[in-house]
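*Asks:* Let me give you the structure first, and then I'll get to my questions.
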Amino acid sequence: MKFISLITSALAATALAKPIEERFALNSTESGLTTLFKRDNVEFWVYPAKNACTDGGTFFTLTGAGVKNNFGSTPQIDVLIIKLSPNFHLTLYTGRDQSGLKTQLGQDSVGICRTHRVGEAGWLSFGLFNGA
């Protein structure tokens, strides 16, 4: 009876640990120490000129829904999402502080160079959000 209880406890602990595996990963260092770090929810490049996502880009990595920021004073024309967690989307805005027209990019945009719409100034800010 104790053996069955022990197996049940082990299975329950494994089931509870799975979401932690999805949010965190192990990183081994040169000294042999292993650390636990939070997984990024999005990794992407932005480019200030229309160049098919090849030269002069800036790399961003963000963790957690609700992260918002500005790109700076130079509008961004191309974007290339390298990684995006399920049920997250990256929103790009034509105005500073998440204002103006917005472009929402989800899983279907991963690995594809997206160019800003013609006739608009470019993206000046971004936000990472939950929900597809």
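The values are calculated or read from the model by the stated rules, or taken from the named source; none is laboratory data. Model, not experiment: these values are computed from the prediction. As a convention, Cβ positions derive from the backbone with ideal geometry for all residues, glycine included, and neighbour counts pool all protein chains shown.
*Asks:* Can you confirm whether Thr115 is out of contact with any Ser or Thr (no Cβ under 8 Å at 6 or more places or on another chain), within 21 Å of Thr54 (Cβ to Cβ) and either of a type in the set (A, V, I, L, M, F, W, C) or surrounded by 13 or more Cβ atoms within 10 Å (Cβ to Cβ) (or both)? Before you say what the answer is, go through the steps one by one.
*Replies:* Values: out of contact with any Ser or Thr (no Cβ under 8 Å at 6 or more places or on another chain): yes; within 21 Å of Thr54 (Cβ to Cβ): yes; either of a type in the set (A, V, I, L, M, F, W, C) or surrounded by 13 or more Cβ atoms within 10 Å (Cβ to Cβ) (or both): yes.
Yes.
*Asks:* All but one of (1) closer than 15 Å to Phe129 by Cα; (2) modelled with pLDDT of 95 or more; (3) not aromatic (Phe, Trp, Tyr) hold for Val110; state the number of the condition that does not hold.
*Replies:* Here Val110 clears every test but (1).
*Asks:* Residues of the stretch 68-99 being farther than 23 Å from Gly119 by Cα, at pLDDT 95 or above and surrounded by fewer than 17 Cβ atoms within 10 Å (Cβ to Cβ), which ones?
*Replies:* Scanning the stretch 68-99 gives Lys68, Asn69, Ile82, Lys83.
*Asks:* Turning to a different aspect of this structure: Are there any pairs with C-beta distances below 7 angstrom linking a residue in the stretch 65-90 that is touching a residue at least 60 places away in the same chain (Cβ under 8 Å) to a residue that is surrounded by fewer than 14 Cβ atoms within 10 Å (Cβ to Cβ), with the two at least 6 apart or on different chains, and if so which?
*Replies:* Going by the 7 Å Cβ cut-off, the qualifying pairs are Ala65/Asn130.
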